[in-house]
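Data first, discussion second: the structure below is written as structure tokens.
The values are calculated or read from the model by the stated rules, or taken from the named source; none is laboratory data. Everything quoted here is computed from the prediction, not taken from an experiment. Cβ placement follows ideal geometry from the backbone for every residue including glycine, while neighbour counts extend to all protein chains displayed. What goes into the accessible areas is simple: the full protein's heavy atoms, side chains included, and nothing from ligands, DNA or RNA. Shrake-Rupley method; radii C 1.70, N 1.55, O 1.52, S 1.80 Å.
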Amino acid sequence: MTRKPKVEVKATEGSMFDAVLARLDKAAEIYGLSEDVKNVLRSPQKAIKVSLPIMMDDGKMHIFEGYRTIHSTVLGPSKGGIRYAMDVNEEEVKALSAWMSFKCAIANLPYGGAKGGITCDPRSMSVGELERLTRAYTVALSDVFGVDHDIPAPDMGTSSREMAWILDAYNKVHRSDFPGVVTGKPVGLGGSMGRESATGRGIMICTLAALKKMKLDPKKITAAVQGFGNVGLHAARLLHDQGIKVCAIGDHTVTLWNEKGIDIAKAVKYVKENKGILKGFTGGKEIKNEELLTAAVDILVPAALQNVITKEIANKIKAKLIIEGANGPTVPEADEVLKEKGIVVVPDVLANSGGVTVSYFEWVQNKYGNYWTEEEVNAKHDLSMNTAFENVWNNKLEYKTTMRIGAYITALKKLEMGINAKGHY
Ligand code: NAD
């Protein structure tokens, strides 16, 4: 049945969690979700805050604050990354945990949603300080994490290195070996082939799927990618491999533009040899960070920060397709502007779900003790992403709405089924 949307997104000056609720409420109304189910989804199941006293290298004690929020376990154990950044706070972690529930439902994974984070500046800390902090956080949450309970993974500011520390700290507390308690591990410790580049790969698959719907040839397309970390680097590399000309890239140190296309292989080599940063790379002329978002390209991939596409920026965007690599890069107020301009937005909850999809494959391989080749992982990933994309696209058409609301409706249908089928107290 087709229902006509009649709801506007309410302006949200507030927190990231308010941005989640604005989209959830809009999708719920268009889909016709019951108030009861909506209210369950508006309220995360569990929120934990831990205080972590760490002895710093200079001999002084610093107290860090860590968080873990479990938004939902209705579809399975909760799954979600751990973020290290200075702006990590309770509200942000709550928002990211809700997005994980929607993301896992859209990707058709047997998982609920969670997220964790520590308020810290990982770039200013030594390896030793980061290791002590990660181990302290794991010990503090060792009753929360568990192969069939809550499974962390990397996010902004963390990588396979931190996941290996989490695995080791958890195993020491529980006195056994639980490779499936965390995903995104190094390959030799039970990590999956293809996990590191999975989020970027998912962005590439979504880009190709969207271009096909828009009847555009990837070989005649230009792109700008904000962020050159785990997500942005692999997204830029894989888009480039598909013949898409990547004209702008940037990170927290510099933003670069090259009309003829940036040599992405050279940029990747440069950051690997220069502490992960682009500053000093000479493959393009320096532009302002904001200019990347409004550059004259066909595709924009925000793959760094949240809230970068404001209403003001949305008005200036020239791209016809936005693939949200980062979580929450677009504020709700900008959604209407992008819609009015006819810009297709592949939302975060679909576009960056390649990471959690391969995390699920890693967890399955750990449970089986049987490991797949990169080709097998990529083939399963591509099939899963294309299926998720089609489901979202079909809901967008059925409900005559945007891909973002189509994605939320895809998630709501599954979560509603789970909540109602499991019943209530
Ligand atoms: P990362 O820490 O590996 O990289 C972050 C990148 O953003 C770095 O290149 C950094 O320099 C850049 N950056 C930071 N501040 C910036 C600024 N002001 N302007 C431009 N660039 C800036 O993090 P990541 O894992 O790539 O995550 C990026 C985003 O993708 C986050 O929103 C994260 O939640 C989301 N995400 C990550 C994964 C994953 O598997 N890692 C999966 C899904 C979603």
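Observations
- Accessible heavy-atom area order of Met156, Met16, Met61, highest first, probe of 1.4 Å: Met61, Met156, Met16
- Kirkwood Rh in Å, taken over the chain so that all alpha-carbon pairs contribute: 21.6 Å
- Longest site-free stretch - the chain; sites: GluC sites (Glu not before Pro), DSSP loop, at most 15 other Cβ within 10 Å: 14-258
- Only helices enter the 222 nm calculation for the chain: every DSSP H run of n ≥ 4 contributes -39,500 (n - 2.57), and dividing by all residues gives -14500 deg cm²/dmol, rounded to 500.
- Above-threshold pairs, the threshold being 24 Å between Cα atoms, out of Lys79/Lys422; Lys220/Lys396; Lys103/Lys413; Lys220/Lys260: Lys220/Lys396
- Here segment 127-157 is scanned for amide nitrogen atoms under 20 Å from the site 7 Å beyond the Cα of Lys279 along Cα-to-Cβ, giving 127, 157.
- Extension gain (nm, one decimal) between Ile48 and Lys215, 0.36 nm per residue minus Cα-Cα: 55.4 nm
- Rel. contact order, % - alpha carbon contacts under 8 angstrom, at least six apart, the chain: 17 percent
- Length added when fully stretched, Asn315-Glu340, from 0.36 nm per residue minus Cα-Cα: 8.0 nm
- Here the chain is assigned +1 on the Cβ of each Lys and Arg and -1 on the Cβ of each Asp and Glu. Its dipole about the Cα centre then comes out at about 900 debye.
- Hydrodynamic radius by Kirkwood, which averages 1/r over all alpha carbon pairs of segment 45-178, in angstrom: 14.8 Å
- Under the Karplus curve 6.51 cos²θ - 1.76 cosθ + 1.60, θ = phi - 60°, whole-Hz ³J(HN,Hα) for segment 398-403, x wherever Gly or Pro sits: 4, 9, 6, 9, 7, 5
- Segment 198-252-segment 292-317 distance, computed between alpha-carbon centres (Å): 14 Å
- Proportion of all alpha-carbon pairs of segment 200-351 beyond 22 Å (%): 31 percent
- Label zone at His252, where the point sits 7 Å out along the Cα-to-Cβ direction: segment 125-142 residues whose backbone N lies under 18 Å: 125-131, 133-134
- FRET E, pair Arg175, His149, Förster distance 22 Å, beta-carbon r, rounded to 0.05: 0.80
- Averaging the sequence gap over all C-alpha pairs within less than 8 Å and six or more residues apart, then dividing by the number of residues, gives segment 200-351 a relative contact order of 22 percent.
- Taking the charge dipole of the chain about its Cα centre, with +1 at Lys and Arg Cβ atoms and -1 at Asp and Glu Cβ atoms, the residue from Gln242, Gly76, Ser43 reaching farthest to the positive side is Gln242.
- Segment 93-134: C-alpha gyration tensor shape, a/c 1.5 cut-off, then a/b vs b/c: prolate
- Segment 45-178, relative contact order in percent, only Cα pairs under 8 angstrom and at least six apart counted: 27 percent
- With a 1.4 Å probe rolled over the protein heavy atoms of all chains, the accessible area of Thr282, Thr310 falls in the order Thr282, Thr310, largest first.
- Alpha carbon centroid spacing (whole Å) that separates segment 259-284 from segment 360-425: 34 Å
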